[in-house]
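Here the structure comes first, spelled out in structure tokens, and everything after it is commentary.
The values are calculated or read from the model by the stated rules, or taken from the named source; none is laboratory data. Please read all numbers here as calculations on a predicted model, not as lab measurements. We place every Cβ from the backbone using ideal geometry, glycine too, and count neighbours over all the protein chains shown.
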């Protein structure tokens, strides 16, 4: 399972996480680890939402998860190793209840020996070899579906192609032979250093997370070190460039761009870009970070506010076959103001009518709890800010309103409820079911309505949690039209339990357990978990559910349904309106040049993201890179041609939007305003 890290949050990665030197004593567990494991198992058995016990079935899943955490690319273990681990397949539950975590260390010991074998082969053979780049052969960059190597010879071949691919990539970037060897040598020396810092607590942390995440992906163990770093980082979690990262094989991949950071403001970095190098300042040396631990990459990217960091990236639009691109970003702290709701007015002529469309962008569901508790009557919150923005837009006589929830990962539940209340008279907004099957209803009890005009809500795959509650309620009440991608599908609630008081541990430091204990449901009874909120009108997407979102996690809690709450639908949206809106959208996909280009670009991005087989032939690889660049340039050139089928003046603000996703949402909003129902 891939581990997500926010820039500035120095949590341990669970990929190739580290090791010890050959001559170092074998790592062994502290006695407290066994006691900690037993208590964690008890808490999860008793209080986790899933109501399952740590048993033989979970043991098998835990073993697979732990092996994957150590070697997710199948680059170290042999088939014989995996077979030898089978003795633990149905026994981890028994070991845990006996306060015995020795399987974690025995498996890790095998891994570290295999790691040293691989490093010997890299340094003593591969780095001394001269590769023939005229040979016709390919390399699969995605090893997730690979099989375990049956022998050392097979594994040698995997590593030969791995290093050859690295050398070819560096050669095509303009580096000379000596430079290429030096870059790769330093890459693995850095990896060795990182492995050398791995200790007993790190092994236990990884093993316990393999246990906790078998219950669900949001249930995690935080070791004392990780817990302390996490607490320290919370006030700093939005410092840096403003991006969420994860390890993807040997690459550091951008998962999400955070609103308000320089990555967002500059538009230079995008989701699914790969970061392959980091440099300090405007002229610092570019450090190759392929194969690095995620937390070490984060340390390089973080830095004092106002300083520059340069990133060498492989853009998502051209993928691993494309050329690299260097960008410069300014580090900063993302303030509340940057995360606050913002408005803008889009004006244009449609069918001879001057249209005014309001857009409110909402990066998160926030509330200044400290100011609220101090009794500050001017405390900031999502609902308060949005209401002010709506009032301002209403004075300009808008014809419709769009709420942009793209990349909004959630926040305060109360704000999702209160925000919904700005658009409905009153009634239930969300249902919350606990592990004991008790259902609580979150209601809007204010019968005032801030805005009763045409409403569109924009969502994408990274709209999650509170965003899904709001979008789901707007859809269930038939109050507005949801446009975009299916949302993330994160419909669970977690709490953090300190283990020290439970264990009554006085002598040894112990960690914390974050576990799932509640689940969200829409007022119609449908869970937002796993499936998320399906839009009424789907826009093109390059993202697959099995790769992005809650449904990409094997241990994710399932989607299900409970009884509907008592609520009254509005008459704003009906089947006839939706049918007409979809018909207009389909028509635009055929005739609107801008939308057609967006669809083409999205399709190309999808293909690029799925294209993980690269050529190791220099001439062929170079040609692929050139073709990727030409295709990217061609799409950009075509995208500059505005849609003018209605004779709209090219000075119209709508045509100048450099955001086809938003543009299409506003065209749907325009159609909705004409329906006389929305």
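Take the residues of region 87-102 that are in contact (Cβ under 8 Å) with a residue 60 or more places away in the chain and part of a helix (DSSP H, G or I): which is farthest from residue 163 (Cα to Cα)?
96
Taking region 388-406, which residues are buried (at least 18 other Cβ atoms within 10 Å of the Cβ) and either at pLDDT below 90 or over 24 Å from the mean Cα position of the chain (by Cα) (or both)? Working first, answer last.
Of the residues in region 388-406, the ones buried (at least 18 other Cβ atoms within 10 Å of the Cβ) are 389-390, 393, 398-406.
Of everything in region 388-406, those that are buried (at least 18 other Cβ atoms within 10 Å of the Cβ) and either at pLDDT below 90 or over 24 Å from the mean Cα position of the chain (by Cα) (or both) turn out to be 389, 390, 393, 398, 399, 400, 401, 402.
Scan region 378-400 and tell me whether some residue there is within 30 Å of residue 50 (Cα to Cα), in contact (Cβ under 8 Å) with a residue 40 or more places away in the chain and not assigned by TED's automatic domain parsing to the domain that holds residue 49.
No, because not a single residue in region 378-400 is within 30 Å of residue 50 (Cα to Cα), in contact (Cβ under 8 Å) with a residue 40 or more places away in the chain and not assigned by TED's automatic domain parsing to the domain that holds residue 49.
From the list 109, 80, 84, 59, exactly one residue is in a helix (DSSP H, G or I), at pLDDT 95 or above and within 22 Å of residue 160 (Cβ to Cβ). Which is it? Write out each step before concluding.
Values: 109 fails: within 22 Å of residue 160 (Cβ to Cβ); 84 fails: within 22 Å of residue 160 (Cβ to Cβ); 59 fails: within 22 Å of residue 160 (Cβ to Cβ).
One residue alone meets the criteria, 80.
Within region 633-654, is there a residue that is modelled with pLDDT of 80 or more and either under 30 Å from residue 443 (Cβ atoms) or not in a helix (DSSP H, G or I) (or both)?
No, the conditions are met nowhere in region 633-654.
Go through the residues of region 281-297 one by one and say whether even a single one is part of a strand (DSSP E or B) and at pLDDT 75 or above.
Within region 281-297 (the criterion being part of a strand (DSSP E or B) and at pLDDT 75 or above), the answer is yes, since at least one residue qualifies.
For region 546-575, give me each residue that is touching a helix residue (DSSP H, G or I) at 6+ places or on another chain (Cβ under 6 Å) and either in a helix (DSSP H, G or I) or in contact (Cβ under 8 Å) with a residue 24 or more places away in the chain (or both).
Answer for region 546-575, where residues must be touching a helix residue (DSSP H, G or I) at 6+ places or on another chain (Cβ under 6 Å) and either in a helix (DSSP H, G or I) or in contact (Cβ under 8 Å) with a residue 24 or more places away in the chain (or both): just 556.
Give the residues of region 549-569 that are over 23 Å from the mean Cα position of the chain (by Cα) and surrounded by fewer than 17 Cβ atoms within 10 Å (Cβ to Cβ), sorted by residue number.
560, 561, 562, 563, 564, 566, 568, 569
So how many residues does region 407-439 have that are in a strand (DSSP E or B) and touching a helix residue (DSSP H, G or I) at 6+ places or on another chain (Cβ under 7 Å)?
Number of matching residues: 3.
Report the residue count in region 177-205 for those that are in contact with a strand residue (DSSP E or B) (Cβ under 9 Å, 6 or more places away or on another chain) and either within 24 Å of residue 32 (Cβ to Cβ) or outside any helix (DSSP H, G or I) (or both).
2
With respect to residue 311, determine if the residue is crowded, with 22+ Cβ neighbours inside 10 Å, at pLDDT below 85 and outside any loop (DSSP other than H, G, I, E, B).
no
Please verify whether residue 135 is assigned to a helix (DSSP H, G or I), more than 19 Å from residue 250 (Cβ to Cβ) and modelled with pLDDT of 95 or more, treating the condition exactly as stated.
no
Regarding residue 462, is this residue within 31 Å of the chain's Cα centre (by Cα), in a loop (DSSP other than H, G, I, E, B) and modelled with pLDDT under 95?
Here the answer is yes, as residue 462 does meet what is asked.
Given (1) assigned to a loop (DSSP other than H, G, I, E, B); (2) within 28 Å of residue 540 (Cα to Cα), where does residue 452 come up short, assuming only one miss?
So the condition that residue 452 fails would be (2).
Identify all residues within region 118-141 that are within 34 Å of the chain's Cα centre (by Cα) and either within 25 Å of residue 192 (Cβ to Cβ) or buried (at least 17 other Cβ atoms within 10 Å of the Cβ) (or both); write none if there are none.
Those that are within 34 Å of the chain's Cα centre (by Cα) and either within 25 Å of residue 192 (Cβ to Cβ) or buried (at least 17 other Cβ atoms within 10 Å of the Cβ) (or both): 118, 119, 122, 139, 141.
With 578, 543, 605 as the choices, which residue is buried (at least 20 other Cβ atoms within 10 Å of the Cβ) and assigned to a helix (DSSP H, G or I)?
After ruling out the rest, the residue left standing is 605.
Quick grid of which residues meet (1) surrounded by fewer than 18 Cβ atoms within 10 Å (Cβ to Cβ); (2) within 23 Å of the chain's Cα centre (by Cα):
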{"residue": "332", "(1), (2)": "no, yes"}
{"residue": "345", "(1), (2)": "yes, no"}
{"residue": "349", "(1), (2)": "yes, no"}
{"residue": "355", "(1), (2)": "no, no"}
{"residue": "358", "(1), (2)": "no, no"}
{"residue": "366", "(1), (2)": "no, yes"}
{"residue": "369", "(1), (2)": "yes, no"}
